[in-house]
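The values are calculated or read from the model by the stated rules, or taken from the named source; none is laboratory data. As the structure is a prediction and not an experimental result, all values here were calculated from the model. Here the Cβ positions follow ideal geometry from the backbone for every residue, glycine too, while neighbour counts run over all protein chains shown.
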Amino acid sequence: RRVALDRRPVPTVPVPSMDSLRFDDESFEVFYGEQAGGLTRSEYRLLETLHRSADEVLSKAFLYQQVLQRGYAAHDRSLDMHISQIRRKLKAIGYTEREVRTVWGKGYILSAADEM
């Protein structure tokens, strides 16, 4: 019985990659080439969530719940500020293949730079 358990393959957690961005779940960092994005943990979680649902609009309410772990409030601009910082930091490291876009009245989407 013990031998059978030892023969089972060890499950590996794949590190998500999008185009040429690399995500490091241990350091909560995203890399483009060798350049680190310098994201905060919240920004990392937000970008990683958008990446997992690339080309799909995610509502602000969903992102507040999943990333910031609190309910959505219309007057709370913290999600918008995190999105703004992610855009700025990705641009600073030269990443232009995909971008975080606002879908008015719906939420945010991570899509190819030439779409929409």
For segment 61-100, how many residues are without any contact (Cβ under 8 Å) to a residue 24 or more places away in the chain, within 13 Å of the chain's Cα centre (by Cα) and either loosely packed, with under 12 Cβ neighbours inside 10 Å or over 14 Å from residue 42 (Cβ atoms) (or both)? 2
Test residue 61 against the criterion of being in a loop (DSSP other than H, G, I, E, B) and aliphatic (A, V, I, L, M), and give yes or no. no
Residue list for segment 23-50, restricted to those being farther than 13 Å from residue 83 by Cα and crowded, with 18+ Cβ neighbours inside 10 Å: 23, 30, 32, 37
Residue identified as modelled with pLDDT under 90 and among the small types (Gly, Ala, Ser) among 84, 78, 42, 20: 20
Give just the number: which of (1) surrounded by fewer than 18 Cβ atoms within 10 Å (Cβ to Cβ); (2) in a strand (DSSP E or B); (3) of a type outside the set (D, E, K, R) does residue 105 not satisfy? (2)
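Conditions tested, residue by residue: (1) touching an Asp or Glu at 6+ places or on another chain (Cβ under 8 Å); (2) of a type in the set (Gly, Ala, Ser).
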{"position": "20", "(1), (2)": "yes, yes"}
{"position": "29", "(1), (2)": "no, no"}
{"position": "49", "(1), (2)": "no, no"}
{"position": "84", "(1), (2)": "no, yes"}
{"position": "106", "(1), (2)": "no, no"}
{"position": "110", "(1), (2)": "yes, no"}
